[in-house]
Ligand code: PEP
């Protein structure tokens, strides 16, 4: 059975001390046994958050990794470095990284390969901008993002991927996709996986929704048959709200 996953993306928020306090609060609140909980912290926090988290349901993620293995790339943090902290996941292809840092499919393919080589589970983000949604071409756009990246992986590597569908117009805007819009896209993604890798693989792939998912709307979103959890930005910074989302299945 595919895993239910709730992953927090703290983005560029919290000092190390604040991050440890937040991780401790989440650690102490979470009682769900059947949900994989992931804390996507800034690089600077990972080692301390890994030490703080004792709850077996919770793992830690980086929000990015370098596209190169190592060397003269000032300011970059490699996948091997991330793995050496004890983090088990890495968020890749977030729309903010694509938009503000020029991450293309070619760059993402290098990051995906390095993450997998270092036994990190990629949480691969995809999603369309508002203009694409308004033009009605969102399904083709998102499936093309997959075709250019994770669909080029071997089936064995693809099985390690978690997908997060995040409509860009819903991220941090307070505007959520309707439950129908989320389900329609998640089903389109699962159908595309089935066409590429077979139905058994498609049924086992966790597809998360992201975009203003919060304590009020998570239950409705997670009730959709093809929504297997969420990638949560703003609401992951409040342990109480984040725990409500974790319990929303
Ligand atoms: C995100 O950054 O992945 C996200 C979904 O943010 P928010 O929940 O704040 O919209």
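A few remarks follow.
- Flag for residue 207 being touching a helix residue (DSSP H, G or I) at 6+ places or on another chain (Cβ under 8 Å) and within 23 Å of residue 96 (Cα to Cα): yes
- Qualifying position, being surrounded by fewer than 21 Cβ atoms within 10 Å (Cβ to Cβ) and not in a loop (DSSP other than H, G, I, E, B), among 195, 215: 195
- Test for residue 220: is it surrounded by fewer than 17 Cβ atoms within 10 Å (Cβ to Cβ) and either under 20 Å from residue 151 (Cα atoms) or more than 16 Å from the ligand (Cβ to nearest atom) (or both): no
- Any chance residue 229 is within 11 Å of the ligand (Cβ to nearest atom), buried (at least 21 other Cβ atoms within 10 Å of the Cβ) and under 15 Å from the mean Cα position of the chain (by Cα): no
- Top-ranked residue in region 154-192 [being in a loop (DSSP other than H, G, I, E, B) and surrounded by fewer than 20 Cβ atoms within 10 Å (Cβ to Cβ); ranked as nearest to the ligand (Cβ to nearest atom)]: 172
Every number here is computed from the coordinates shown, using simple stated rules; none is lab data. Everything numeric in this text was worked out from a predicted model, so none of it was measured. Using ideal geometry, Cβ is built from the backbone for each residue, glycine included, and neighbour counts are taken over all protein chains shown.
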